[in-house]
Amino acid sequence: MPRYKRALVKLSGEALMGSRQFGIDPETLNDVARQITQAHDEGIQVAVSVGGGNFWRGATVAETGMDRATADYAGMLGTIMNALALQDALEKAGATVRTQTALPISQVAEPYIRRRAIRHLEKGRVVIFAAGTGNPFMTTDTAGALRAIETDCEILLMAKNGVDGVYDADPAKVPTAKKYDQLTHIEAIQQRLAVMDITALSMCMEHHLPILVFDVAAPDAVFHALRGDRIGTIVTASPEASAAGGS
Ligand code: UDP
């Protein structure tokens, strides 16, 4: 039996990039869509918050001299491109999908309406949340945390690109870095571990929302994460909550 009734997957833009340097790798996109559809077919209600870092990162672009808020709005548009690509791939995989955006763009997607999103989930539609929070200086990690809490998801599944959990140091730089199987929100914050941005992490802590950090590139990882299988690192309010599966 799947452990979660309703879960939100945070898909970074990089998670859709595969081994490319930019944009979307169609094979990776289709594989993620297949896994989400498969988990959904097992009765799990799935919401997705998509990033846009494969196209544009506001903070990085601002370093070249562009106004930061303007660069961030452009970044949010990047997330809408990913959302449309994911919507298409999910529909081709057999799912019914609704995309809701935090920035109104009525010709291409619904606006974000919380109660409507919940209704879609109850009716068995995969809901994609695009355009982050709709505010500059924020990230799609924060949007993922916010939407997961708003729509009563039991867990936030952080699909990472190239790292299979939370480590006590950067495993790409420190060969002896140790991976955590589980830790608490407060430990992650105090040790400044690379789980997600601090705004998102504090929000999850305050609302006791468990987070699973896992490698999107591992075989069927999104499917396993959605089923509540023990992969990656689980971040919970207390060690007891982790032993109980995070919910
Ligand atoms: N962004 C923003 N507000 C939000 C979410 C995203 O301004 O609520 C912008 C920001 O410029 C960010 C870009 O959109 O760099 C892409 O989002 P993010 O970096 O979170 O994507 P990911 O790293 O998950 O691919």
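Do we find a residue being more than 17 Å from the chain's Cα centre (by Cα) and touching a residue at least 24 places away in the same chain (Cβ under 8 Å) anywhere in the stretch 150-167?
Going residue by residue through the stretch 150-167, those that are more than 17 Å from the chain's Cα centre (by Cα) are 167.
Right, trim to touching a residue at least 24 places away in the same chain (Cβ under 8 Å) and you get 167.
Checked against the condition, which is being more than 17 Å from the chain's Cα centre (by Cα) and touching a residue at least 24 places away in the same chain (Cβ under 8 Å), the stretch 150-167 yields at least one hit.
Residue by residue through the stretch 27-54, note down the ones that are surrounded by fewer than 17 Cβ atoms within 10 Å (Cβ to Cβ) and either within 24 Å of Val195 (Cβ to Cβ) or without any contact (Cβ under 8 Å) to a residue 60 or more places away in the chain (or both).
Within the stretch 27-54, Glu27, Asp41, Gly43 qualify.
Inspect all residues belonging to the stretch 113-131 and state whether any of them is assigned to a helix (DSSP H, G or I), modelled with pLDDT of 95 or more and among the small types (Gly, Ala, Ser).
Of all residues in the stretch 113-131, those assigned to a helix (DSSP H, G or I) come to 114-122.
So of that shortlist, the ones also modelled with pLDDT of 95 or more come out as 114-122.
Those still in the list that are among the small types (Gly, Ala, Ser) too: 117.
Checking the stretch 113-131: at least one residue is assigned to a helix (DSSP H, G or I), modelled with pLDDT of 95 or more and among the small types (Gly, Ala, Ser).
Against the conditions (1) farther than 25 Å from Val50 by Cα; (2) in contact with a Phe, Trp or Tyr (Cβ under 8 Å, 6 or more places away or on another chain); (3) not polar (S, T, N, Q), where does Glu187 fall short? Just the number, please.
Here Glu187 meets the rest and fails (2).
For the stretch 100-113, which positions are away from the ligand (no atom under 16 Å from the Cβ) and within 20 Å of Gln45 (Cβ to Cβ)? Please lay out each step first, then the result.
Going residue by residue through the stretch 100-113, those that are away from the ligand (no atom under 16 Å from the Cβ) are 106-108, 110, 113.
Across the stretch 100-113, the qualifying residues are Glu110, Ile113.
Would you call Val97 over 22 Å from Gly58 (Cβ atoms), away from the ligand (no atom under 14 Å from the Cβ), touching a residue at least 12 places away in the same chain (Cβ under 8 Å) and crowded, with 24+ Cβ neighbours inside 10 Å? So that I can check it myself, show each step before the final result.
Working: over 22 Å from Gly58 (Cβ atoms): yes; away from the ligand (no atom under 14 Å from the Cβ): yes; touching a residue at least 12 places away in the same chain (Cβ under 8 Å): yes; crowded, with 24+ Cβ neighbours inside 10 Å: no.
Considered against the rule, which asks whether it is over 22 Å from Gly58 (Cβ atoms), away from the ligand (no atom under 14 Å from the Cβ), touching a residue at least 12 places away in the same chain (Cβ under 8 Å) and crowded, with 24+ Cβ neighbours inside 10 Å, Val97 comes out as no.
Looking at the stretch 193-207, is at least one residue surrounded by 13 or more Cβ atoms within 10 Å (Cβ to Cβ), free of Cβ contacts under 8 Å to residues at least 24 places away in the same chain and more than 18 Å from the chain's Cα centre (by Cα)?
No, the stretch 193-207 contains no residue that is surrounded by 13 or more Cβ atoms within 10 Å (Cβ to Cβ), free of Cβ contacts under 8 Å to residues at least 24 places away in the same chain and more than 18 Å from the chain's Cα centre (by Cα).
For the stretch 138-247, which helices (runs of 4 or more DSSP H) that fit wholly inside it have 1 or more residues that are modelled with pLDDT under 95? Don't jump to the end; show me each part of the working.
Working: elements: 140-150, 185-190, 198-206, 221-227, 239-243.
Fully inside the stretch 138-247 and qualifying: 185-190, 198-206, 239-243.
Among the numbered criteria (1) more than 16 Å from the ligand (Cβ to nearest atom); (2) surrounded by 22 or more Cβ atoms within 10 Å (Cβ to Cβ), which one does Phe129 miss?
Condition not satisfied by Phe129: (1).
Looking only at residues that are surrounded by fewer than 22 Cβ atoms within 10 Å (Cβ to Cβ), small (Gly, Ala, Ser) and near the ligand (Cβ under 7 Å from one of its atoms) in the stretch 55-73, which one is nearest to Gly18 (Cα to Cα)?
Step one: list which residues in the stretch 55-73 are surrounded by fewer than 22 Cβ atoms within 10 Å (Cβ to Cβ), which gives 55-57, 59-71, 73.
Then keep just the ones that are small (Gly, Ala, Ser); that gives 59, 62, 65, 69, 71.
The next check asks that each one be near the ligand (Cβ under 7 Å from one of its atoms); those that pass are 59, 71.
Working: Ala59: 23, Ala71: 25 Å.
So the residue we want is Ala59.
For the stretch 1-30, name all the residues that are away from the ligand (no atom under 13 Å from the Cβ), among the hydrophobic types (A, V, I, L, M, F, W, C) and part of a loop (DSSP other than H, G, I, E, B).
Hit for the stretch 1-30 is Met1, nothing else.
When the stretch 1-11 is examined, which residues are found to be under 19 Å from Gly53 (Cα atoms) and surrounded by fewer than 24 Cβ atoms within 10 Å (Cβ to Cβ)?
none
From Glu14, Glu27, grab the single residue that is acidic (Asp, Glu) and under 16 Å from the mean Cα position of the chain (by Cα).
On the way: Glu27 fails: under 16 Å from the mean Cα position of the chain (by Cα).
After ruling out the rest, the residue left standing is Glu14.
The values are calculated or read from the model by the stated rules, or taken from the named source; none is laboratory data. This one's a predicted model, so the numbers in the text were calculated from it and none came from an experiment. With ideal geometry, Cβ positions are generated from the backbone for all residues, glycine too; neighbour counts draw on all protein chains shown.
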